[in-house]
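Colleague: Have a look at this one before I ask anything.
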Amino acid sequence: MMKPALIIKQLSIKKMPGFPSGLKSISSLANNINVIAGPNASGKSSTARIIQDMIWKQNIERIHLESRLLIDNKVWDIKIDNGHYSSQCDGVDDTLSSIPSYDESKRYFLALHELIREDDKNLAEE
């Protein structure tokens, strides 16, 4: 049985380590794959880590964010404010469902240099 996809529709990072004033809000995300590009130290890897922390409720003590997700066509609003985590499904307090265990979380964080190696000459074909 396939688990429903978790689709991030909006992400507003208001504060996180290294970016005390937050980052520009993101609201034009595709349902499948999104590419975050920018110069060094612009928050690309930090944004990926924050998304992971938001989903698995890890390292949230110094984070302030708001996010809107879709899971199985239901709207979820996630808010984190310096360690306080709240999640609502269609406006009602609820716990995120269908999330793999934290032990599996590392497999969802892949940097481009980990995906593409010099010996991956046929990546485009695949």
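Colleague: Could you look through the range 1-14, keep only residues that are of a type in the set (Lys, Arg) and touching a residue at least 60 places away in the same chain (Cβ under 8 Å), and pick out the one that is surrounded by the most Cβ atoms within 10 Å (Cβ to Cβ)?
Modeller: Lys9
Colleague: Can I ask one more? Output the residues belonging to the range 18-46 that are more than 13 Å from the chain's Cα centre (by Cα), open to solvent by 60 Å² or more (accessible area, probe 1.4 Å) and over 15 Å from Leu69 (Cα atoms).
Modeller: Once the filter is applied, which keeps residues that are more than 13 Å from the chain's Cα centre (by Cα), open to solvent by 60 Å² or more (accessible area, probe 1.4 Å) and over 15 Å from Leu69 (Cα atoms), the range 18-46 yields Gly18, Pro20, Ser21, Lys24, Ala37, Pro39, Asn40, Ala41.
Colleague: Just to be sure before I move on: is Asp94 of a type in the set (D, E, K, R) and surrounded by 12 or more Cβ atoms within 10 Å (Cβ to Cβ) in the structure I sent?
Modeller: yes
Colleague: Are any residues in the range 57-77 touching an Asp or Glu at 6+ places or on another chain (Cβ under 7 Å), open to solvent by less than 60 Å² (accessible area, probe 1.4 Å) and closer than 25 Å to Ala30 by Cα, and if so, which ones?
Modeller: Once the filter is applied, which keeps residues that are touching an Asp or Glu at 6+ places or on another chain (Cβ under 7 Å), open to solvent by less than 60 Å² (accessible area, probe 1.4 Å) and closer than 25 Å to Ala30 by Cα, the range 57-77 yields Ile63, His64, Val75.
Colleague: Would you mention how many residues in the range 40-74 are within 18 Å of Cys89 (Cβ to Cβ) and hydroxyl-bearing (Ser, Thr, Tyr)?
Modeller: 1
The values are calculated or read from the model by the stated rules, or taken from the named source; none is laboratory data. These numbers come from a predicted model, not from an experiment. Here the Cβ is made from the backbone with ideal geometry for all residues, glycine too, and neighbour counts use every protein chain on show. Heavy atoms of the whole protein, side chains included, go into the accessibility calculation; ligands, DNA and RNA do not. Shrake-Rupley method; radii C 1.70, N 1.55, O 1.52, S 1.80 Å.
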